[in-house]
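Step one of this worksheet: look at the structure below.
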């Protein structure tokens, strides 16, 4: 079964809201093994919608509409589909009752266009709306399945999940299962990773493997089709082991993991506490950790020392170190990490200093960054030379520090969780 | 000119990310009077993409592609369009140099598929990519305009705004001029702002006025068409004065201003220094300031005091205050602001404490936040009661603190710049 999702609404074409309904429906469909090949967005215009339906019928056997079921003249979805399929619209008694009761309860007068919301395609399976007035519909005709859903995500999401999806599952259950699993990598580029596993990519059939890159991270999405969930997981697992045997050292997590969430999980699991002294990142490192609920078991605090004076007077980096080696130096990062760890009494201390850009800083070119990590009495430093814009450099520094910390902890025998 | 936006990427059809690129491009196109009639999303599949291009050509004269310009085999957009239009792909020397330099700077090996990113459609206007490696393209052929943009929003958005859009404007203006100006507001809801200027919105013809809301901010975009730039600015200026006479007190900036950039401008202009002590935001406040180049003239540093102990021992908030009033209290925020200002010797000190969520913190429900601002010896506090998710609450706290600080500084006679 191949699906197309048609979202109807001029507000989408004006760029006022994103088509998150298509995103939601797609992720739900991929769970049950239905391929989505197209999303379309059409304005509130009957003529263009009619043509879009014809195109969808030429390339999909499941067509899902979102939006255009409301009471106004702009809401044309069911009217257009009714005309196109030559199926009359009839009042659904239950929906009409719901609408009448709603207006009674509100003490408001029901107008004729409110009644319009209770009109449904004759012969369709009416999907009740527990969060709004417009019911949904599911109709089989000419070998195709049409599903109509209301536009507001608060109404669409539960209706799809609890009404439409179970009906689709029973419709297709003679078919198989599709499952996806995402492997997340840091510290390796998309092209380099692909080159390393080129033979696996070239030989892919089932599971398929799709590389994705964003924000300096690379992901591989492994998707398997099988007769059962267990079999699909087995396929995915085997392919995963094959991939990790080659590029496992860059793999930090799976699915919805982030570098920050993996770091926090490791810290909490091994009961390690952390603090940081930040210059160029100015709080971004600690703030990324603080995005993770439960971090208070590991995150004690830290310092933002933006000026030289703050580094000396507040943090206690020795004056001589700064004068001899400069602010953007291995020695400065090392002392920042050591000092903050001691000051806050934590197991781990992080020191970040550098020239974020656009200008050079303390004689060092933009993009020169030093990372210091103190684990117990052991301090290591590493240099980054980045070439992005100021805030990309700041964010990359944070991500790189997290991936470097995870690797150091592993080397010290703290296993990943 | 009627546009269709084609987003290419299987991750969109699997529901892993939403098509926010189409949203961004649509809102930008609506500013310059170009109608968008269709959005389409296609997977990484050459055959289906080719058919989608044919459909788009039958109904649009401006076709904008996002995604599929990367180095991998899945990236097929320009290859498919080249074949379809019978236009060869040629190496763009500038793009090739950028890619080579990038790999040299990173000390990494450039692979053959990285070179592929420098291939462009022959005869196209190459759009430079200042935030990534794949250049964009704009090509006129057969009476149609094709624009190809990279998929990552960080690359696509500036490329569209600063490279593609000006070219489109000169293409469609033919002597006339279209200019837009955005007014930015904080501390007022979209509905409230609209109600206050309803008579202006109702009477709009040229300039047009479009309200937009995002991340707790409200914007008004004023767009004027005229025979000259001067005339267009005159139209915009008059409308702006009319609007600000009513809601001027919520207006903090224009166009690309952010709360952080406006704050930093004010601090630098008035030679004021700032520090912050952060609990729930854990560095996010200072980090937002540090996004602005040149901030080192104002930002000294600060502390992240996540635990109670850090607040007492590192920052110096008196034990009795914490015991008597709790961590999430006016008194705690007040002392955090005072202590950090004294410690770092700055003109302004900020103290942020609260329950970010999802759980209550120190007996206070999630979303309860106290902001303390010390300007000289004067300290004020304010409570926020937010109802969002953890990280929305943290970001709102930062934005609210910035807008509150701007207003306090104005009240003290420091004028906005």
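Take the residues of the range A:1-30 that are more than 8 Å from every other protein chain (Cβ to nearest Cβ) and in a helix (DSSP H, G or I): which is surrounded by the fewest Cβ atoms within 10 Å (Cβ to Cβ)?
Checking each candidate, the answer is A:11.
Checking residue B:264 against (1) at pLDDT 95 or above; (2) touching a helix residue (DSSP H, G or I) at 6+ places or on another chain (Cβ under 8 Å); (3) crowded, with 24+ Cβ neighbours inside 10 Å; (4) at the interface with another protein chain (Cβ under 8 Å from one of its Cβ atoms): exactly one of these is not met. Which one?
Status for residue B:264: all satisfied but (4).
Looking at (1) modelled with pLDDT of 95 or more; (2) within 30 Å of residue A:261 (Cα to Cα), which is the only condition residue B:392 fails?
(1)
Residues checked against (1) within 21 Å of residue A:194 (Cα to Cα); (2) touching a residue at least 40 places away in the same chain (Cβ under 8 Å):
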| site | (1), (2) |
| --- | --- |
| A:216 | yes, yes |
| A:221 | yes, yes |
| A:241 | yes, no |
| A:244 | yes, yes |
| A:264 | no, no |
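Quick one: in the range B:252-261, which of the residues that are crowded, with 17+ Cβ neighbours inside 10 Å and out of contact with any helix residue (DSSP H, G or I) (no Cβ under 6 Å at 6 or more places or on another chain) is farthest from residue B:195 (Cα to Cα)?
B:261
Here is a list: A:205, A:195. Which entry is within 14 Å of chain B (Cβ to nearest Cβ) and either surrounded by fewer than 20 Cβ atoms within 10 Å (Cβ to Cβ) or assigned to a loop (DSSP other than H, G, I, E, B) (or both)?
A:195
Within the range B:300-313, can you find the residues that are surrounded by fewer than 22 Cβ atoms within 10 Å (Cβ to Cβ) and in contact with a strand residue (DSSP E or B) (Cβ under 8 Å, 6 or more places away or on another chain)?
B:307, B:309
State the number of residues belonging to the range A:376-415 that are touching a residue at least 40 places away in the same chain (Cβ under 8 Å), in a loop (DSSP other than H, G, I, E, B) and within 23 Å of residue A:215 (Cα to Cα).
So the count comes out to 0.
Since residue A:175 meets every condition but one in (1) farther than 30 Å from residue A:333 by Cβ; (2) surrounded by 15 or more Cβ atoms within 10 Å (Cβ to Cβ); (3) at pLDDT below 95; (4) more than 11 Å from chain B (Cβ to nearest Cβ), which condition does it not meet?
(2) is the only condition that residue A:175 fails.
Could you check the range A:290-299 and list, in sequence order, the residues that are surrounded by 24 or more Cβ atoms within 10 Å (Cβ to Cβ) and facing chain B (nearest Cβ under 7 Å)?
Hits for the range A:290-299 are A:290, A:299.
Give A:56, A:52, A:82 a once-over and let me know the one that is more than 14 Å from chain B (Cβ to nearest Cβ), touching a residue at least 24 places away in the same chain (Cβ under 8 Å) and out of contact with any helix residue (DSSP H, G or I) (no Cβ under 6 Å at 6 or more places or on another chain).
Being more than 14 Å from chain B (Cβ to nearest Cβ), touching a residue at least 24 places away in the same chain (Cβ under 8 Å) and out of contact with any helix residue (DSSP H, G or I) (no Cβ under 6 Å at 6 or more places or on another chain) holds for just one of A:56, A:52, A:82, which is A:82.
Can you tell me how many residues within the range A:73-93 are touching a strand residue (DSSP E or B) at 6+ places or on another chain (Cβ under 6 Å), assigned to a loop (DSSP other than H, G, I, E, B) and under 15 Å from residue A:134 (Cβ atoms)?
The number of residues fulfilling the criteria is 1.
Taking the options A:69, A:62, A:49, name whichever one is under 19 Å from residue B:51 (Cβ atoms) and crowded, with 17+ Cβ neighbours inside 10 Å.
A:62
Of the residues in the range B:356-383, how many are in contact with a strand residue (DSSP E or B) (Cβ under 7 Å, 6 or more places away or on another chain) and at pLDDT 95 or above?
The total comes to 13.
Given the conditions (1) in a loop (DSSP other than H, G, I, E, B); (2) under 25 Å from residue B:385 (Cα atoms), report the number of the one that residue B:287 does not fulfil.
It is condition (1) that residue B:287 fails.
For the range B:352-362, name all the residues that are within 14 Å of residue B:332 (Cα to Cα) and either surrounded by fewer than 17 Cβ atoms within 10 Å (Cβ to Cβ) or out of contact with any helix residue (DSSP H, G or I) (no Cβ under 7 Å at 6 or more places or on another chain) (or both).
B:355, B:361, B:362, listed by residue number.
Okay, residues lined up against (1) more than 18 Å from residue A:392 (Cα to Cα); (2) more than 13 Å from chain A (Cβ to nearest Cβ):
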site	(1), (2)
B:119	yes, yes
B:129	no, no
B:133	no, no
B:141	yes, yes
B:146	yes, yes
B:154	no, no
B:157	no, no
B:160	yes, no
B:171	yes, yes
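In the range B:304-320, what count of residues is obtained for those that are under 15 Å from residue A:300 (Cβ atoms) and part of a helix (DSSP H, G or I)?
8
Across the range A:301-318, what is the number of residues that are over 20 Å from residue A:347 (Cα atoms) and more than 7 Å from chain B (Cβ to nearest Cβ)?
Going through the range A:301-318 one residue at a time, the tally reaches 6.
From A:274, A:246, A:236, which residue is more than 14 Å from chain B (Cβ to nearest Cβ), closer than 17 Å to residue A:407 by Cα and modelled with pLDDT of 95 or more?
It is A:246.
If the requirement is being in contact (Cβ under 8 Å) with a residue 40 or more places away in the chain and under 30 Å from residue B:232 (Cα atoms), which of these qualifies: B:24, B:65?
The match here is B:24.
Among the residues in the range A:178-188, are any away from every other protein chain (no Cβ under 14 Å), under 27 Å from residue A:227 (Cβ atoms) and touching a strand residue (DSSP E or B) at 6+ places or on another chain (Cβ under 7 Å)?
No, the range A:178-188 has no match at all.
Could you tell me whether residue A:152 is closer than 26 Å to residue A:230 by Cβ, outside the structural domain of residue A:238 (by the TED database) and free of Cβ contacts under 8 Å to residues at least 40 places away in the same chain?
No: the conditions fail for residue A:152.
Which numbered condition in (1) within 14 Å of chain A (Cβ to nearest Cβ); (2) farther than 24 Å from residue B:27 by Cβ; (3) out of contact with any helix residue (DSSP H, G or I) (no Cβ under 9 Å at 6 or more places or on another chain) is the only one that residue B:103 fails?
All conditions are met except number (3).
Here are some residues: A:216, A:294, A:302. Which one is closer than 30 Å to residue B:311 by Cα and within 23 Å of the chain's Cα centre (by Cα)?
A:294
Residues B:283, B:316: which one is under 29 Å from residue B:363 (Cα atoms), assigned by the TED database to the domain that holds residue B:342 and surrounded by fewer than 24 Cβ atoms within 10 Å (Cβ to Cβ)?
B:316
The values are calculated or read from the model by the stated rules, or taken from the named source; none is laboratory data. Note that the structure is a prediction, hence the values are computed from the model and not measured. Don't worry about glycine lacking a Cβ; one is built from the backbone with ideal geometry, like all the others, and counts go over all protein chains shown.
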